[in-house]
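All remarks here apply to the structure that follows.
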Amino acid sequence: MNNLVADKNGNFFSKAKNLVELDKVGKIFPARRKGTDDVVALRETTQSIRRGEIVTIVGPSGCGKTTLLSLMAGLEKPSSGKVSINGLEVSGPYTNSGIVFQKDLLLSWRNVMDNVLIQAEARSLPPESYRHRAQDLLDLVGLNGFENFYPHELSGGMRQRVSICRALLHDPELVLMDEPFAALDAITRDQLAVDFDKFVQAGDRTVIFITHNMEEAVFLGDRVMVMTPRPGQIAEVIDIDLPRPRTLSLKDSSEFTKYTSKVRSLFMEHGVLKDHL
Amino acid sequence: MSVLKKITPILTLLIILWLWEVAVHFFKIPVLVLPAPSDIYRSLEQKQELYFSFSLPTLLEIFAGFFLAAISGIFLGILVSFSALAKSSIYPILISSQMVPKVAIAPVLTIWFGSGLMAKMFIAFLIAFFPITISTMVGLDAMDPEMVKMFRAMGAGRYKTFIKLRLPAALPNIFAGLKIGMSLAVVGAVVAEFVAADKGLGYYLLYANGQLDSPGVFASLFLLTVIGVTLYYFVELAEYYLVPGVLHKEGNLNNFSM
């Protein structure tokens, strides 16, 4: 307990190196119908997420990535083990986090500014005092001048930028992203990936980013957790030793492809990917 | 172009009325079978005061019945959508109660509530409130579960989620239900007046029919239509101000009928 310090609001928090601790966390969904077995969505996992790092979790659909994220967000309860953030066990929704989903989930009847401010309203914080920060965030993601636009007037990439601003409005220490770029076209996705460091203030903020795209996982992550399905588990964690901020030309470098082929070979090892020779 | 679009319905109506007038004179149709628009107008003009004094009670019955239906329909819709207990207890009764032909229980209600405003308002209410309840419930239930999940992650409680997410998202559905309910309330009030009344347009319609006064029947029909359309547009006006523009949806009258 000696690494607890008080912040300006008098809340105690841990200055420990690890922000998120998974201690033998497992999740089992009961069988949906008679005669079938319970589904092990996540085999007991012990991992830690360091403060200020960007961890990407890559795996095929159904490997338990989203379950893992929901457990860390406190949106689901583990069947075994425990999740702690800042040294405290997560027992309900962990609200000092910002979540970005695959769908932008913007409210169609609110304009861009009000969609960002919903984060404050939902938390019963005075939205007016967050307007300035919302504007700064919108400027940062390149949406200056679009404050009064409605979601249906924006492109998919712009909408996802708005949802990133919404997730960051309350300056959360942890950002959880569940395939946020998966619904976007490849070019828009590349652009958002390049801008990503700037958006989340890489280095200061802890980000857990889920993707099924191996390139994206390597490109964005300080560490990549490779997940394999049936039962869902983290097969390996790879440190990505590439300079930040990452640039697109990096994708052509041999170091980059070394990492992506490492991930691919892991999937082949576990039978997720197969060559037919 | 937009001016033309606005006057198109009026123009169409005028053409139809003109064709009607011409056809009645050309084919020498007896007034008893089909009065010409000019006959109806004459009837309206001659008995101005009577029509006016008979319009008021009907208007009141429709409005009161609809108002009651709107309040209780929205309330029940919210209740059923929110509480599993309410859904399993009230909802089945609600559905089966709708299978009772309400027109047929009008005489019973007249015995219970007498022949005054109360009975007619109640019948209008009974017919109008069901679509309002159902569309409120459908609107509230049609929520994207991920949206709800996001609100939960933002720390919003049930009340906050309702006010900021569920209710605004359900408003277009609620108003679609209100519009349908509005038109059904007219039916309810008229049916109630058919059964037992000493005033009102429904009563006069039946009376004029008995007197073989076809222009009177049609004049009553015309006034009922005017009342119905006017009240309907009041609901639409409320929708215009309460529902954010991007959500506007047309209420579909074809989905519900008596």
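Relative contact order of segment B:29-140: what whole-number percent is it, with Cα pairs under 8 angstrom and at least 6 residues apart? Spell out each step's value before the answer.
Numbers: 75 pairs, mean separation 47.1, N = 112.
The normalised contact order for segment B:29-140 reaches 42 percent.
Count charges around B:Lys160 for me, please; just the other residues with Cβ under 13 Å from its Cβ, Lys/Arg as +1, Asp/Glu as -1.
On the way: positive: A:Arg123, B:Arg152, B:Arg158, B:Lys164, B:Arg166; negative: A:Glu121.
In short, +4.
Pick from B:Ile15, B:Ile93, B:Ile111 the residue whose mean-square fluctuation is largest in a GNM of chain B, springs joining Cα atoms under 10 Å.
Ranking B:Ile15, B:Ile93, B:Ile111 by mean-square fluctuation puts B:Ile15 first.
Find which of A:Gln233, B:Ser43, B:Tyr203 sits farthest along the positive direction of the dipole of the protein assembly as shown, computed with +1 on the beta-carbon of Lys and Arg, -1 on that of Asp and Glu, about the Cα centre.
Farthest towards the positive pole: A:Gln233.
Tell me which residues come under 5 Å, amide H to amide H, from A:Tyr94 once H is placed; ignore anything under 5 positions away on its chain.
Residues meeting the criterion, in which the H sits 1.01 Å from N, are A:Gly74, A:Leu75.
If a/c stays under 1.5 just call it rounded; otherwise compare a/b with b/c (prolate if a/b is bigger, oblate if not). Do that for the protein assembly as shown, with a ≥ b ≥ c from the square roots of the Cα gyration tensor eigenvalues.
Since a/c reaches 1.5 and a/b is larger than b/c, the shape of the protein assembly as shown is classed as prolate.
Peptide A:100-110: average number of partner chain Cβ atoms within 10 Å per residue?
For peptide A:100-110, the averaged partner shielding equals 4.
In whole angstrom, note down how far apart the Cα centers of segment A:221-277 and segment B:200-223 are.
82
Can you work out the FRET efficiency for the pair B:Tyr159 and A:Thr257, with r the C-beta to C-beta distance and R0 = 45 Å, to the nearest 0.05? Please report the intermediate quantities before stating the final value.
Values: r = 52 Å, r/R0 = 1.16.
Computed FRET efficiency for B:Tyr159 and A:Thr257 comes out at 0.30.
Cross-link candidates for B:Lys6: which lysines have Cα within less than 29 Å, leaving aside residues fewer than 8 places away along the same chain?
By straight Cα distance, B:Lys6 reaches B:Lys179, B:Lys249.
Springs between alpha-carbon pairs under 10 angstrom, Gaussian network model over chain A: which of A:Asp190, A:Asp252, A:Asp222 fluctuates most?
Comparing A:Asp190, A:Asp252, A:Asp222 in the GNM, the peak value goes to A:Asp252.
Alpha carbon centre of segment B:8-31 versus segment B:75-149: separation in Å?
So the separation of the two Cα centres works out to 41 Å.
What's the magnitude of the charge dipole for segment B:40-255 around its Cα centre, counting Lys and Arg as +1 and Asp and Glu as -1 at the beta-carbon? Answer in Debye, nearest 20. Walk me through the numbers before you get to the answer.
Working: 14 positive and 12 negative charges, 156 e Å.
For this selection, approximately 740 debye.
Taking the alpha-carbon distance from A:Lys24 and a cut-off under 17 Å, which lysines remain once sequence neighbours fewer than 8 residues away in the same chain are dropped?
Qualifying lysines at Cα under 17 Å: A:Lys65, A:Lys77, A:Lys82.
Using Cα pairs closer than 8 Å and at least 6 residues apart in sequence, work out the relative contact order for chain A, in percent.
Normalised by residue count, the contact order of chain A is 23 percent.
Among B:Ser83, B:Ser115, B:Ser183, whose mean-square fluctuation peaks in a Gaussian network model of chain B (Cα, cutoff 10 Å)?
B:Ser83
May I ask you to list the lysines whose Cα is less than 18 Å away from that of B:Lys160, ignoring any residue fewer than eight positions away on the same chain?
B:Lys149
For chain B, just say rounded, prolate or oblate: build the C-alpha gyration tensor, square-root its eigenvalues into a ≥ b ≥ c, call rounded for a/c under 1.5, and beyond that prolate if a/b exceeds b/c, oblate if not. Display every interim value, and only then the final one.
Working: a/c = 3.00, a/b = 1.66, b/c = 1.81.
Verdict is oblate for chain B.
Can you give me the relative contact order of chain B as a percent, contacts being Cα pairs under 8 Å and 6 or more apart?
RCO, chain B: 26 percent.
What does the average come to when, for each residue of peptide B:152-165, you count the partner chain Cβ atoms lying within 10 Å of its Cβ?
On the way: counts 8, 14, 15, 12, 8, 2, 0, 0, 4, 1, 0, 1, 5, 3.
Mean partner shielding for this stretch: 5.
All of the numbers you see were taken from the coordinates with simple rules; none came from a lab. Everything quoted here is computed from the prediction, not taken from an experiment. Neighbour counts run over all protein chains shown; Cβ positions are idealised from the backbone, glycine included.
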